[in-house]
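Here is the structure we will look at.
The values are calculated or read from the model by the stated rules, or taken from the named source; none is laboratory data. Predicted model only: the values in this text are computed from it and were never measured. For neighbour counting, all protein chains shown are included, and Cβ atoms are generated from backbone atoms with ideal geometry for every residue, glycine included.
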Amino acid sequence: MSIFNIAHAAIRLPTSLVPCGTSANPAQCNPCHLWLLADNVINFILWMSLPILVIALLYGGIIWLISVGNTANVQRGKTIIFNAIVGILIAFMGWLIVDSIIKTLAAGRPVAAWNTAPSCEMAIVLPPPPPPPPPAGLSCNPSNQCVQGGGGKVCSQNSDCVVLQCSASSISALTQAMLDCVIAGAPSIGIQVNRPQNNQLNGGCHACPAPNTPSPGCTNTGSIISCHYGGTKCNGKGNAADFTLASGQNGENWDKLRNLAISCSPANGGARCERGSITVNCRTGSPDHVHANASSACGCN
């Protein structure tokens, strides 16, 4: 009877063949549970073979018992008992081999105990790393500009939180396109326009508010960063140009130049006549230049 004791100790009949996703086994299914399912099915089949063995042994014993000296029946009973024992041994050895292979594959290592059930361990998922802290000392001032030591507000206009400068190292591609358009289009409307120089593009003295440092010789005035420095959203790339007439400086020609600059602004930047830093009427205000912006999206006008 030792074979029965070994089989009974080794085989654990599961409460449910399906090892996951059921009321009896609510664990979330993963590929490892396929091995558990195969192991459960094999255990169930071997478990069912034990009652069949008992029935076969009883049947063979009864035939042997009632043979009453009939040699054929005695041999028949012995054969049934022998075949039943050999069959259960073959089934048990087959189960032992297959079950050991399944447990080894489920465990993910070369050797796994044949008399213990395989287990499916949940994968360890590490939480995402925390976002990096914002640059030290940079925040927004009450004008919503990103500067050193501001009021700590979220800076919506300058998303990279770079300290705004009252200077620009070059002009933007949109400004260059506007400049070329005005110079090329002036002869067709009967006016002569000077090509803007550095101080009429991204240099010279233009309005710049505190707490930013103004250009040398300039006053700290104005409410927004000048478009010549890119404004608050395009800071560091000149977004404006000041156009002057080479001849015929009368109100009609200044108005023509303003309209030409508006038509040449590639992104609805707009233009106006100015005398110094004051906006004046093109026809009656005696302007000395036309201030034109390449884009309306740079936080300046």
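For the stretch 264-283, the tally of residues that are at pLDDT below 90, assigned to a loop (DSSP other than H, G, I, E, B), out of contact with any Ser or Thr (no Cβ under 8 Å at 6 or more places or on another chain) and not hydroxyl-bearing (Ser, Thr, Tyr) stands at 1. Scan the stretch 40-67 residue by residue and report those that are exposed (fewer than 13 other Cβ atoms within 10 Å of the Cβ) and not in a helix (DSSP H, G or I). The one that is exposed (fewer than 13 other Cβ atoms within 10 Å of the Cβ) and not in a helix (DSSP H, G or I): ILE66. Within the stretch 249-292, the residues that satisfy the criterion of being farther than 24 Å from GLY230 by Cβ and among the β-branched types (Val, Ile, Thr) are VAL280, THR284. From the list ALA261, ALA241, the lone residue that is more than 38 Å from the chain's Cα centre (by Cα) and outside any strand (DSSP E or B) is ALA261. Within the stretch 84-99, residues that are within 11 Å of LEU50 (Cα to Cα) and in contact (Cβ under 8 Å) with a residue 40 or more places away in the chain sit with their Cβ atoms under 8 Å from residues that are part of a helix (DSSP H, G or I) and of a type outside the set (Val, Ile, Thr), at 6+ positions apart or across chains, in these pairs: ILE88/SER49; ILE88/LEU50; ILE88/LEU53; ALA91/LEU46; ALA91/SER49; PHE92/ALA7; PHE92/LEU46.
Residues that are more than 23 Å from CYS298 (Cα to Cα) and touching an Asp or Glu at 6+ places or on another chain (Cβ under 6 Å) occur at least once in the stretch 276-286. Closer than 16 Å to LEU89 by Cβ and of a type in the set (Ser, Thr, Tyr): which single residue out of SER49, SER67 fits that description? The conditions single out SER49.
I need the full set of residues from the stretch 246-256 which are surrounded by fewer than 21 Cβ atoms within 10 Å (Cβ to Cβ) and either within 22 Å of LEU174 (Cα to Cα) or aromatic (Phe, Trp, Tyr) (or both), in order please.
Result: LYS256, single match.
For LYS233, the criteria (1) modelled with pLDDT of 85 or more; (2) surrounded by fewer than 22 Cβ atoms within 10 Å (Cβ to Cβ) hold in every case but one, which is (1). The set of residues in the stretch 72-100 being touching a Gly at 6+ places or on another chain (Cβ under 7 Å) and among the hydrophobic types (A, V, I, L, M, F, W, C) consists of ILE80, ILE81, ALA84. Within the stretch 164-185, residues that are surrounded by fewer than 20 Cβ atoms within 10 Å (Cβ to Cβ) reach partners that are of a type in the set (D, E, K, R) with beta carbons closer than 6 Å, at six or more positions or on different chains, in the pairs ILE183/ARG195.
Just one of the listed residues (ASN301, ASN281, ASN259) is touching a helix residue (DSSP H, G or I) at 6+ places or on another chain (Cβ under 9 Å), farther than 17 Å from ALA173 by Cα, polar (S, T, N, Q) and not assigned by TED's automatic domain parsing to the domain that holds GLY190, namely ASN301. Count of the stretch 264-285 residues, restricted to those that are under 41 Å from the mean Cα position of the chain (by Cα) and either of a type outside the set (Ser, Thr, Tyr) or closer than 15 Å to LEU245 by Cα (or both), is 6. Among the residues making up the stretch 268-296, those that are touching a residue at least 40 places away in the same chain (Cβ under 8 Å) and surrounded by 15 or more Cβ atoms within 10 Å (Cβ to Cβ) are GLY269, ASP288, HIS289, VAL290, HIS291, ALA292, ASN293, ALA294, SER295. In this structure, CYS264 qualifies as touching a helix residue (DSSP H, G or I) at 6+ places or on another chain (Cβ under 7 Å), in contact (Cβ under 8 Å) with a residue 60 or more places away in the chain and not polar (S, T, N, Q).
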